[in-house]
There are 4 protein chains.
Amino acid sequence: MAKLQKSIDKRNALVKATIELVNNNGFHATPMSKIAKMAKVSPATIYLYFENKQDLVNQTYIDVKAEYTNYAFANYDESMSVEAGFEMIWKRIADFKLKECEHAMFLAQCDNTPMIDEESRQEGIKHLQPLLDLWERGKKEGIIKPMANYMLYAYSINPLSFLMMSEKRGVLKLDASQLEDAYQSAWSSIKMCK
Amino acid sequence: MAKLQKSIDKRNALVKATIELVNNNGFHATPMSKIAKMAKVSPATIYLYFENKQDLVNQTYIDVKAEYTNYAFANYDESMSVEAGFEMIWKRIADFKLKECEHAMFLAQCDNTPMIDEESRQEGIKHLQPLLDLWERGKKEGIIKPMANYMLYAYSINPLSFLMMSEKRGVLKLDASQLEDAYQSAWSSIKMCK
Amino acid sequence: MAKLQKSIDKRNALVKATIELVNNNGFHATPMSKIAKMAKVSPATIYLYFENKQDLVNQTYIDVKAEYTNYAFANYDESMSVEAGFEMIWKRIADFKLKECEHAMFLAQCDNTPMIDEESRQEGIKHLQPLLDLWERGKKEGIIKPMANYMLYAYSINPLSFLMMSEKRGVLKLDASQLEDAYQSAWSSIKMCK
Amino acid sequence: MAKLQKSIDKRNALVKATIELVNNNGFHATPMSKIAKMAKVSPATIYLYFENKQDLVNQTYIDVKAEYTNYAFANYDESMSVEAGFEMIWKRIADFKLKECEHAMFLAQCDNTPMIDEESRQEGIKHLQPLLDLWERGKKEGIIKPMANYMLYAYSINPLSFLMMSEKRGVLKLDASQLEDAYQSAWSSIKMCK
DNA sequence: CATGAATGAGTGTTCATTCAT
DNA sequence: GATGAATGAACACTCATTCAT
């Protein structure tokens with residue numbers, strides 16, 4: 001059991017190092033040897049935990065994506081109203097993107113790059129299902145615009161990625177009131193006009 | 001006559017090959033030798049036109065970014081009303097992202113990756129000025145919400161990138177009416193509520 | 001047991017190969033790949049033992065220079081008389097240059113070429129100190145001409161390099177009596193005239 | 001005729017550039033393109049004057065060697081006595097090595113390196129004949145020690161190369177009186193003892 | 001005669017991965 | 001399970017040389 005624990009620590013250290021190095025240098029400038037060094041293991045050890053570099057990056061992506069959606073839906077409950085549920089989820093996502101900025105940036109890089117296998121990408125998308133279900137319910141109830149989910153995502157959730165990147169680059173500072181403005185824009189872009 | 005000067009055709013072929021290969025394989029899996037082969041020149045020839053791989057990618061980025069903004073503002077005129085001007089620019093941008101999808105994807109990859117020099121990134125941003133000016137005018141006239149330009153961009157322009165990627169991945173098909181919906185969402189997210 | 005540490009044997013094989021190839025072809029025509037092949041290792045292995053090609057050559061130079069001076073002073077003892085000491089050292093140097101001709105030629109090439117870092121050159125010179133000390137003693141005792149050490153070296157030691165090169169090129173054959181003549185010339189060029 | 005003149009200027013510029021660059025950087029770090037740039041011609045032009053890089057270096061060597069010996073024997077006359085002749089030649093050589101230090105260093109580099117063809121090396125040696133003749137005469141007259149010419153050269157002429165290098169490296173300064181000492185050492189190392 | 005553009009072959013070096021211990 | 005040493009296959013880049021003009 002002690003051995004198993006130790007192993008999980010090493011796996012986590014490798015995933016962590018991968019995120020940090022890929023974030024700062026990009027996939028193309030992140031050799032396995034640097035990942036090993038940062039995780040304080042031998043390069044050969046990586047191959048005890050992952051098949052190869054592609055697998056390491058894929059698994060890191062899935063890990064971070066799962067963490068992201070877990071965070072997003074942590075307090076959400078399907079019994080909530082559509083509007084309350086959306087607000088809850090939106091604000092958790094905003095929270096994640098601003099607080100776990102490193103992880104959010106890693107996802108942004110993966111999502112705009114052919115660096116992840118298509119299979120792992122699909123795997124990552126799965127976990128977003130509760131939000132899609134919420135939207136479907138909202139459409140049935142006539143509260144959400146009858147648009148494709150991708151369109152709803154594009155206008156209500158995706159802008160947060162851009163705002164996060166802008167803040168990271170120092171060209172924008174998001175305070176509480178601006179975040180509230182952002183939420184209002186998000187909600188009004190998908191809610192059914194009365 | 002044709003051979004007395006470095007040929008602009010070769011430079012363009014190299015830029016074109018770079019876009020295509022980086023789009024399909026990512027920066028890290030795009031060796032100079034493949035770029036050369038696709039552009040039908042010797043690897044050594046690349047170095048007559050570009051200092052090194054980084055310079056090639058930087059210049060490609062700036063080229064594409066300029067093409068993008070040129071396209072966006074081609075029919076725009078500062079004498080237009082704020083609303084008409086925005087609609088004009090938005091639709092041109094949408095046009096570009098859907099028709100010149102390869103180029104738009106290249107920009108998306110560059111913008112979410114440490115693959116471009118900060119200097120070149122700055123250079124690329126410059127050309128967006130007319131849109132920012134339009135927004136400033138709109139704010140003064142009380143037509144546009146008094147939000148930071150980055151926020152306006154996040155909600156009205158950036159969603160197009162996500163839609164473009166979704167269409168490219170085949171999970172979404174954008175017809176004229178959906179595009180009109182998208183425009184309405186964009187405009188309503190930044191226009192001043194009455 | 002043998003493989004737990006970087007093997008000194010491999011390092012030595014690389015140094016040996018460097019000497020042989022640089023001697024025969026010159027630095028400019030000695031690629032790392034050939035050095036690797038001659039040392040029976042992979043090109044990549046060189047970089048486990050040396051930082052880069054320059055470092056490999058620098059270290060080879062220092063190694064050979066140290067071997068040279070160790071050989072020169074092996075039997076020398078500061079308690080010897082100036083004349084006996086000089087004869088001992090001179091003959092050891094002559095021995096080295098004629099028997100370890102490959103190594104002596106490598107030094108000659110390095111010493112007349114900008115192929116070695118200035119720092120490594122300085123490092124190589126250090127080990128000659130006992131001879132300089134002997135000369136200083138000889139000057140104080142009125143046995144050696146009161147000339148700069150570089151001048152003493154030029155006339156008593158350096159000619160051996162030329163003789164060695166000449167023999168290597170086959171234009172001269174040095175037998176014992178000629179070597180004795182050479183020693184007499186060397187000694188008479190630095191000893192104080194009565 | 002004007003054209004011919006122009007051509008000789010270009011050839012000379014190329015030879016000059018070769019000397020300077022090989023002296024400062026070594027053969028291995030002296031690309032044709034740099035030689036062309038320093039001589040202010042196109043790389044292709046070099047091949048109008050020389051067959052290839054090897055030929056350029058060979059011819060440069062022969063040129064400099066000829067200049068060296070011309071200088072050495074300029075005032076020498078076979079009717080001079082052996083001793084006067086030797087002094088004359090020695091001092092001209094010393095002069096050359098100290099004043100045309102760049103050229104002398106180039107020769108030193110060539111002579112200790114496999115960078116010159118054997119054929120060109122032979123060609124360069126030819127011009128030294130007058131000195132060898134003088135020595136033969138001296139031996140017959142019982143004025144010069146009956147040693148091989150290479151040995152005479154090693155002790156009386158070659159030390160000048162070492163002194164020149166030392167001065168160039170700044171570790172030695174040769175004034176007139178030291179030069180006179182050097183000459184005395186040279187002469188006494190080859191003259192017949194009474 | 002002179003050139004700048006072009007290039008194929010080759011260079012030093014790196015890297016994902018394997019292996020002996 | 002864990003490692004440091006080792007490596008073949010690549011990579012970015014350079015260079016001596018050629019060629020069309």
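The values are calculated or read from the model by the stated rules, or taken from the named source; none is laboratory data. Predicted, not measured: the structure shown is a model, and the values here were computed from it. Cβ atoms come from the backbone with ideal geometry, glycine included; neighbour counts cover every protein chain shown. Ligands, DNA and RNA are stripped out before the accessible areas are found, and what is left, the full protein with its side chains, is counted by its heavy atoms. Shrake-Rupley method; radii C 1.70, N 1.55, O 1.52, S 1.80 Å.
The table that follows gives values for the structure above.
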read-out	value
Under the Karplus curve 6.51 cos²θ - 1.76 cosθ + 1.60, θ = phi - 60°, whole-Hz ³J(HN,Hα) for segment A:105-113, x wherever Gly or Pro sits	5, 4, 4, 4, 5, 5, 6, 10, 9
For residues of C:14-26, the mean tally of beta carbons on other chains within 10 Å	1
Largest to smallest principal axis extent of the C-alpha atoms in segment D:1-60, angstrom	36, 19, 17
Cα-based Rg of segment A:116-194 normalised by 2.2 N^0.38 Å, two decimals	1.28
3J(HN,Hα) from dihedral phi, segment A:114-129, Karplus parametrisation 6.51/-1.76/1.60, rounded to Hz, x for glycine, proline	x, 8, 10, 4, 4, 4, 5, 4, 4, 3, x, 6, 2, 5, 7, 3
Normalised contact order of chain B, rounded percent, pairs of Cα under 8 Å and 6 or more residues apart	20
Value of [θ]222 nm, deg cm²/dmol, for chain B, DSSP H segments ≥ 4, -39500 (n - 2.57) each, nearest 500	-22000 deg cm²/dmol
Amide H partners (placed H, <5 Å) of B:ILE144, local residues excluded	B:LYS139, B:MET192
Calculated Rg and Dmax of the protein assembly as shown using C-alpha coordinates, Å	39.1, 127
Electrostatic dipole magnitude of the protein assembly as shown [Cβ: Lys, Arg +1; Asp, Glu -1; Cα centre; debye, to 20]	560
Along principal axes, Cα extents of segment B:63-137, largest first, whole Å	38, 26, 17
Shielding by partners, peptide B:145-156 (average Cβ within 10 angstrom, other chains)	6
Surface accessible to a 1.4 Å probe, per residue, for the residues of the protein assembly as shown, Å²	48
Residue-averaged beta-carbon neighbours from other chains (10 angstrom radius) around C:163-176	3
Prolate/oblate/rounded call for chain D, Cα gyration tensor, a/c under 1.5 rounded	prolate
For segment D:1-50: lysine pairs under 19 Å (alpha-carbon distance), excluding those fewer than 8 apart on one chain	10
Backbone HN-Hα couplings from phi across segment A:72-87 [Karplus 6.51/-1.76/1.60, Hz, Gly and Pro as x]	4, 9, 3, 9, 7, 9, 5, 7, 5, 5, 4, 5, 4, x, 5, 4
For chain D, size of Cβ-based charge dipole, Lys and Arg +1, Asp and Glu -1, in debye	480
Share of carbon and sulfur in the accessible heavy-atom surface of segment B:61-190 [1.4 Å probe, %]	51
Part-to-part distance (alpha-carbon centres) for segment A:59-106 and segment A:131-194, which is given in Å	13
Sequence ranges D:159-169, B:176-186, ranked by mean other-Cβ count within 10 angstrom, highest first	D:159-169, B:176-186
Copies compared at C:MET80 - label distances in nm, ascending, label defined 7 Å from Cα in the Cβ direction	4.0, 9.3, 9.6
Long-range amide H partners of A:ASN112 with built H, under 5 Å	none
Inter-copy label distances at B:ASP9 (7 Å, Cα→Cβ; nm, one decimal)	3.8, 6.0, 6.5
